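Here the structure is laid out as structure tokens; the discussion comes afterwards.
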Amino acid sequence: MVGNWLFDPLSLVSPHSMTPEFAVELLKSMMFQALMLAAPLLVTAMIIGLIISLLQAVTTISEQTLTFAPKALAVVALMVVLLPWMVRSMIGFTTMIIEKIPQMVR
């Protein structure tokens, strides 16, 4: 299991060999895992960028580098907060994939 809130999508397909369905489910679960890990950071950067852009439009400040520092600080701060969850999630996913290796080679 990838996390406490996720199910194992690879259990839905035939576990007897590496079928095309198994490969598709494996790729889908990998893409979903990557999306779940990247989404909080990307959404934070997008929201901070939007807020800074609105402030720049209201105050008519046209400094291009003004958005970089707040976005970088917010993403780094969020990464520090979410790092334990991200590592647990990656370890869980990797463990799930390693446990499926015997079923892939049959």
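The values are calculated or read from the model by the stated rules, or taken from the named source; none is laboratory data. Note that the coordinates shown come from a computational prediction; the quantities given were computed from them, not determined experimentally. Here the Cβ is made from the backbone with ideal geometry for all residues, glycine too, and neighbour counts use every protein chain on show.
List of remarks:
- Of the listed requirements (1) part of a helix (DSSP H, G or I); (2) at pLDDT below 95, Leu41 misses just one: (2).
To keep it simple, each residue is scored yes or no on (1) acidic (Asp, Glu); (2) surrounded by 10 or more Cβ atoms within 10 Å (Cβ to Cβ); (3) under 21 Å from Val80 (Cβ atoms).
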position	(1), (2), (3)
Ser17	no, yes, no
Ala23	no, yes, no
Lys28	no, yes, no
Phe32	no, yes, no
Leu41	no, yes, yes
Thr44	no, yes, yes
Ser53	no, yes, no
Thr60	no, no, no
Glu63	yes, no, no
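- Residues that are surrounded by 12 or more Cβ atoms within 10 Å (Cβ to Cβ), assigned to a helix (DSSP H, G or I), touching a Phe, Trp or Tyr at 6+ places or on another chain (Cβ under 6 Å) and touching a residue at least 60 places away in the same chain (Cβ under 8 Å) are absent from region 82-98 altogether.
- Taking region 62-81 as the range and being assigned to a helix (DSSP H, G or I) and charged (D, E, K, R) as the test, only Lys71 passes.
- Criterion: touching a helix residue (DSSP H, G or I) at 6+ places or on another chain (Cβ under 9 Å) and either under 30 Å from Ser17 (Cα atoms) or of a type in the set (Lys, Arg) (or both) - qualifying residue of Met79, Met30: Met30
- Test: residue in region 45-61 that is without any contact (Cβ under 8 Å) to a residue 40 or more places away in the chain, over 25 Å from Arg88 (Cα atoms), outside any helix (DSSP H, G or I) and not hydrophobic (A, V, I, L, M, F, W, C): yes
- Which numbered condition Leu12 fails, given (1) exposed (fewer than 14 other Cβ atoms within 10 Å of the Cβ); (2) at pLDDT 90 or above; (3) touching a helix residue (DSSP H, G or I) at 6+ places or on another chain (Cβ under 7 Å): (2)
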